[in-house]
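Enquirer: Please see the structure below; I have some questions.
Quick note: the coordinates plus some simple rules give every number you see, no bench work behind them. All of these numbers come straight from a predicted model, not from anything done at the bench. Every residue, glycine as well, gets a Cβ built from its backbone with ideal geometry; the counts of neighbours run over all protein chains shown.
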Amino acid sequence: MASPRCEPNITPLIDIVLVLLIVFMVMVPGLQVAAIVNLPAKGTGGAGRPPLKVKMDGAGLISVDGQPVIYPELPRAVAAGLRDRFGQDRRAVVAVHAGQPFQRAADLLDVVKGLHPDVTVALVEAKE
């Protein structure tokens, strides 16, 4: 006597796969995230004053726009550097050497943003 042949029923598997496909097709367009970018105004061509540069080198020495500054005088130097930068042009770059602890970079950011919350600040790695 021949034994009955058992074949797996794949219909439930196909149903699950189709439901997942539909769910992903509906969800993917909603997952797209837009990036907010501040572009220069039309016709400016990127002209204007360069951003204020606050830099800390590998030895921990601080400079503002290339002028050496001691840490207690940093708020005054940053305020003087931002004094004549108006409107959308109020930008600052904080460059910290990779050998410095992150807390030092956070302290520099606190000084710049604490004095002028409206300033756009970028944190970068100092190459020298």
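Enquirer: Tell me the label-point distance for the pair I16, V28, using the 7 Å Cα-to-Cβ offset, in nm and rounded to one decimal.
Expert: About 2.2 nm separates the two model spin labels.
Enquirer: Expressed in whole Å with the largest first, what are the equivalent ellipsoid semi-axes of region 52-126 derived from the C-alpha gyration tensor as the square root of 5 times each eigenvalue?
Expert: 19, 13, 11
Enquirer: For a quick check: sort V119, V94, V124 by the number of other beta carbons within 10 angstrom, fewest at the front.
Expert: By the 10 Å Cβ count, ascending: V124, V119, V94.
Enquirer: Explain nothing, just compute: Karplus ³J(HN,Hα) = 6.51 cos²θ - 1.76 cosθ + 1.60, θ = phi - 60°, for every residue of region 12-21 in order, whole Hz, x for Gly and Pro.
Expert: Here the 3J(HN,Hα) series is x, 5, 5, 4, 5, 4, 5, 5, 4, 4 Hz.
Enquirer: May I ask you to evaluate 6.51 cos²θ - 1.76 cosθ + 1.60, the Karplus curve with θ = phi - 60°, for each residue of region 71-77 and list the ³J(HN,Hα) values in order in whole Hz, giving x for glycine and proline?
Expert: Residue by residue, region 71-77 yields 4, x, 8, 4, x, 5, 5 Hz.
Enquirer: Something else: If you take the beta carbon distance between E125 and R49 as r and set R0 to 30 Å, what does 1/(1 + (r/R0)^6) give as a FRET efficiency, to the nearest 0.05?
Expert: With a Förster radius of 30 Å, E is 0.85.
Enquirer: Order 99-107, 61-69 from most to least packed using the mean count of other Cβ atoms within 10 Å.
Expert: Packing order, densest peptide first, comes out as 61-69, 99-107.
Enquirer: Amide H to amide H under 5 Å from L123: which residues, 5+ apart in sequence or cross-chain, H placed 1.01 Å off N in plane?
Expert: Here the answer is V94, since their amide H atoms fall under 5 Å of that of L123.
Enquirer: Got a sec? How would E73, E125 order by Cβ neighbour count within 10 Å, fewest to most?
Expert: E125, E73
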